[in-house]
1. Can you pull out every residue in region 228-244 that is within 15 Å of the ligand (Cβ to nearest atom) and buried (at least 16 other Cβ atoms within 10 Å of the Cβ)?
2. Scan N25, N42 and give me the residue that is within 12 Å of the ligand (Cβ to nearest atom) and not in a helix (DSSP H, G or I).
3. Any idea which of (1) assigned to a helix (DSSP H, G or I); (2) modelled with pLDDT under 95 is the one Q229 doesn't satisfy?
4. Considering only region 99-128, how many residues are outside any strand (DSSP E or B), more than 10 Å from the ligand (Cβ to nearest atom) and under 26 Å from W230 (Cβ atoms)?
5. Check D3, D23, D46 and return the single one that is at pLDDT 95 or above and of a type in the set (D, E).
6. Take V170 and decide whether it is at pLDDT 95 or above and near the ligand (Cβ under 9 Å from one of its atoms).
7. Identify, please: which residue in region 148-165 is away from the ligand (no atom under 13 Å from the Cβ) and outside any loop (DSSP other than H, G, I, E, B) and is, among those, surrounded by the fewest Cβ atoms within 10 Å (Cβ to Cβ)?
Amino acid sequence: MPDERTAGGGDRVVGGAAPESVDVNTPSVARMYDHYLGGKDNYEVDRLAVAELDKVVPSTRPLALNNRSFLRRVVDVLAREYGVRQFLDHGSGLPTQDNVHQVAQRVDPEARVVYVDNDPIVLAHGRALLEENTNTAVLQADMRDTDGIFGHPEVERLIDPAQPVAALFVSAMHCIPDDSERGGPAEVLGRVLERVPSGSFVVVNQLVSPHREIRDSVTSFMDESTGGQWGRVREAHEVARYFDGLDVLEPGLGWINDWRRDSDLIHKEPTDEWYEFGGVARKP
Ligand SMILES: C[S@@+](CC[C@H](N)C(=O)[O-])C[C@H]1O[C@@H](n2cnc3c(N)ncnc32)[C@H](O)[C@@H]1O
C-alpha cells in the first residue's frame with residue numbers, strides 16, 4: 001500500500017494539492033475522461049463540460065474507448081513480447097476496468113506499476129484500488145516533475161533503474177503546453193529518457209486533428225473549462241517529432257487503432273474530427 005508520503009502528507013511531497021482538495025466546481029480532465037468511459041467518479045460540472053465538448057467533437061466517446069483499448073494492447077504487448085516488468089504511467093487517469101497493473105500482472109504477477117497523476121481524485125481512488133497490491137503505487141505529481149517523480153520513495157522502491165522501464169504518456173501530452181516553465185512534451189520526454197536505461201520503452205500518443213478549427217476550438221474550450229489544466233490539440237507531425245532519435249516499434253507511428261490492430265482487444269470505431277496519434281519506441 002502506498003505510504004502517507006504518496007498522499008503528499010509526509011516528508012516528501014511530490015506535486016501540489018492534497019487529495020482532499022478535489023474541486024467539484026471546475027471540470028477536470030481526469031473526471032471528464034472517466035465520464036466518457038462510463039465511470040462514476042465524476043461530477044455534474046464534468047458531465048456538463050462533456051456535453052459542451054460533444055457539440056464540437058461528437059466522436060469523443062469512441063475516441064476515449066479507442067484510447068483505452070490501445071493502452072491495454074500496448075501494456076499487454078510490452079509485458080508479453082518484450083518482457084517489460086516495470087511501468088511508469090504518466091497522466092494515468094482514474095482507475096477503470098483493466099488498469100495497467102491488471103494487464104501487466106496477468107502476464108506476470110510480479111510486474112510493478114507506478115501511476116502518476118496531478119488530479120487529487122486519482123490519488124484518492126487509486127489508493128483504494130491498490131490497497132492490497134504491494135507492486136503498485138499511485139503518486140499525486142505533475143508529470144513534468146521528472147526529478148520529483150524519480151526521486152520519490154515509491155518509485156525508488158518499485159522501479160529498478162538498471163532494468164528497462166516502460167514510460168507511458170497515453171493521451172496525456174495534450175494536457176501540457178509547449179512552453180510551460182517545466183518545458184513542453186519533448187522536454188519532459190527527454191528528461192525521462194535520460195533517467196531510464198537503454199532498452200526502455202516510451203509510449204506516447206495524444207489528441208491531434210488535421211482541422212485547424214477543431215484544434216483551436218477544442219484547445220480554447222478545454223483551457224477555459226479546466227482553468228488552464230490543458231495544453232494543445234496538435235498536428236500529427238508535431239507528435240511524430242517527439243520520437244526523434246528513438247527506435248520506433250512496428251507498425252510505426254500513426255492512428256493508435258492501427259497499432260497491432262490484429263489483436264482481439266481492439267475497439268475499432270473510427271472518429272472523424274480528431275484522433276489519437278502516436279506509437280511505441282525503444283531507447284537505443
Ligand atoms: C485523458 S486522461 C488519460 C488517462 C490514461 N492515461 C488513459 O489513457 O486512459 C489524461 C490524464 O492526464 C492527467 N494530467 C493532466 N495534466 C497532468 C500533469 N501535468 N501531470 C500529471 N497528470 C496530468 C489528467 O488528470 C488525466 O487523468
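The values are calculated or read from the model by the stated rules, or taken from the named source; none is laboratory data. These numbers were taken from a predicted model, which means no experiment stands behind them. A quick note on method: Cβ atoms are made from the backbone with ideal geometry, for glycine too, and the neighbour counts reach across all protein chains shown.
1. Q229, W230, G231, R232, V233, R234, V239 - these are the residues of region 228-244 that are within 15 Å of the ligand (Cβ to nearest atom) and buried (at least 16 other Cβ atoms within 10 Å of the Cβ).
2. Just a single option satisfies the conditions, and that option is N42.
3. (1)
4. Residues meeting the conditions: 5.
5. Going through D3, D23, D46 in turn, the sole match is D46.
6. yes
7. It comes out as E156.
Residue-wise test of (1) in a helix (DSSP H, G or I); (2) closer than 25 Å to H101 by Cα.
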position: R144; (1), (2): no, yes
position: D179; (1), (2): no, no
position: S198; (1), (2): no, yes
position: E224; (1), (2): yes, no
